[in-house]
Amino acid sequence: MAFSFFKKNKAETPATAQGGLQVKAIIQETADTVSLVFENPNWTYQAGQFLSLSFELNGQTETRSYSLCSSPVTDKDLAITIKRVEGGLISNYINDQVKEGDFIKVIPPEGIFVLAPAESQSRNILLFGAGSGITPLLSILKTVLAQEADSHVTLVYTNRNEESIIFSETLSQLQAQYENFEVIHTLTRASDQWTGERGRLSQERIQEIYQNLPQKAGATQVYNCGPEAMMDLVAESLQAAGVAEAQIHHEKFSGSSGLSETESAEIVQQEVTILLEGETFKVNVPAEKTILEAALDQDIDMPFSCQSGLCTACRGKCIEGKVAMEEDDGLSEDELEGGYILTCVSHPKSKGVVIEVG
Ligand SMILES: Cc1cc2nc3c(=O)[nH]c(=O)nc-3n(C[C@H](O)[C@H](O)[C@H](O)COP(=O)(O)OP(=O)(O)OC[C@H]3O[C@@H](n4cnc5c(N)ncnc54)[C@H](O)[C@@H]3O)c2cc1C
Ligand code: FES
């Protein structure tokens with residue numbers, strides 16, 4: 001099976017010498033969430049990026065992405081946090097089986113949900129998260145607080161109840177340490193003792209939070225990570241309040257709906273030509289598989305990471321024929337117009353599809 005970890009890390013360090021990063025510590029964050037800590041093998045990254053972990057399970061390579069909750073500025077180690085998904089293969093495997101000292105294959109940091117801090121900045125950083133969506137936001141907020149003394153950070157964090165708040169203590173400590181940091185917790189099933197906000201966010205509340213931000217010279221940047229419905233509501237509410245689309249950044253943890261019925265009906269088995277690193281491969285793509293899956297089945301060394309159309313690691317260009325994509329949020333309008341596709345969520349829609357990768 002192709003694996004891109006080794007391609008990207010030719011200079012291995014002792015921490016990766018056994019074919020992966022060694023788990024240095026495991027922290028039980030809540031009843032259904034653990035953090036894994038790794039020694040950083042000199043990887044540079046930006047706040048908001050993610051790692052992808054691969055496991056060999058039942059004869060298959062399973063790869064999933066996890067955002068770094070560590071900050072490149074304040075934390076020496078790399079840390080990721082994994083919340084169980086009901087019926088989910090890898091999130092439960094990590095929570096149940098991974099032990100300190102294990103080696104895990106890890107693809108170095110990637111992703112475009114990033115914040116570049118600048119000491120001269122004076123702006124509002126407005127973060128919306130729910131559940132495990134806190135992970136990249138924690139990295140971003142620690143980084144901004146350490147590097148932008150004149151900026152103000154507001155985190156709006158939705159959870160089910162008091163026990164399910166990930167990083168509850170860390171957030172309280174940061175709030176006590178930094179005057180320019182505010183956390184607004186809202187709980188959908190809080191206990192009677194809870195004195196904070198209750199219920200899901202509404203358009204009115206989101207706009208009120210935005211309008212009450214302290215005055216700052218720089219443009220507000222919004223980072224949004226949680227269930228799709230929440231992210232859509234945040235984006236629509238803020239845009240209606242005058243925030244430009246370019247100021248709103250979002251990270252999706254799971255792919256959306258997939259193809260429409262009409263598009264699905266158009267997809268039949270097709271032969272696709274893949275041009276990769278000077279070689280030409282002919283791949284038979286069955287209707288139920290994506291181009292990436294079919295290529296990996298033929299042991300073609302394709303680049304990939306999240307396999308959900310979210311990270312762009314598998315980006316290619318369709319230079320002949322037509323493809324249908326289940327998810328295209330990871331690509332910009334210019335890329336889409338330029339014929340770029342994500343092979344992990346693409347299906348050939350016509351005969352004679354040719355895709356250039358890399
Ligand atoms: C860029 C990126 C960053 C991510 N960062 C984190 C992180 O920091 N922490 C974290 O816990 N997860 C994170 N995820 C999600 C993670 O990659 C996995 O998708 C998640 O752990 C589920 O994997 P699984 O193997 O357990 O579930 P699977 O066996 O792949 O899926 C089982 C079922 O659950 C559904 N499902 C998959 N993912 C989710 C989800 N997140 N929420 C609800 N339903 C889901 C699937 O549609 C499927 O029906 C991130 C994903 C991406 C793309
Ligand atoms: S592998 Fe992440 S977008 Fe395709």
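Tabulated results
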read-out	value
Residue match in segment 176-186 (condition: within 22 Å of GLN247 (Cα to Cα), of a type in the set (Phe, Trp, Tyr), out of contact with any Asp or Glu (no Cβ under 8 Å at 6 or more places or on another chain) and within 16 Å of ligand 1 (Cβ to nearest atom))	no
Positions within segment 62-84 being open to solvent by less than 20 Å² (accessible area, probe 1.4 Å) and of a type outside the set (Gly, Ala, Ser), in sequence order	THR63, LEU68, CYS69, LEU78, ILE80, THR81, ILE82
In segment 85-101, the residues that are in contact (Cβ under 8 Å) with a residue 12 or more places away in the chain and exposed (fewer than 15 other Cβ atoms within 10 Å of the Cβ)	LEU89, LYS99, GLU100, GLY101
Pair list, Cβ < 8 Å and 6+ apart or interchain, from segment 142-165 residues that are over 13 Å from GLN121 (Cα atoms) to residues that are acidic (Asp, Glu) and open to solvent by 30 Å² or more (accessible area, probe 1.4 Å)	LYS142/ASP75; THR154/GLU182; LEU155/GLU182; SER164/ASP32
Test: residue in segment 303-321 that is part of a strand (DSSP E or B), farther than 21 Å from ARG64 by Cβ, of a type in the set (Lys, Arg) and away from ligand 2 (no atom under 16 Å from the Cβ)	no
Filtered residues of segment 112-137 (kept if within 13 Å of the chain's Cα centre (by Cα) and open to solvent by less than 20 Å² (accessible area, probe 1.4 Å))	PHE113, GLY129, GLY133, ILE134, THR135, PRO136, LEU137
Residues that are at pLDDT below 95 and either within 6 Å of ligand 1 (Cβ to nearest atom) or on the phi > 0 side of the Ramachandran plot (or both), drawn from segment 51-84	ASN58, GLY59, ARG64, SER65
Matching residues, segment 250-265, being away from ligand 1 (no atom under 16 Å from the Cβ) and open to solvent by less than 90 Å² (accessible area, probe 1.4 Å)	SER260, GLU263, SER264, ALA265
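The values are calculated or read from the model by the stated rules, or taken from the named source; none is laboratory data. Just so it is clear, the structure is predicted and the values come from calculations on it, not from any experiment. Here Cβ is always computed from backbone atoms with ideal geometry, including for glycine, and neighbour counts include all displayed protein chains. SASA here: full protein model, heavy atoms, side chains in, ligands and nucleic acids out. Shrake-Rupley method; radii C 1.70, N 1.55, O 1.52, S 1.80 Å.
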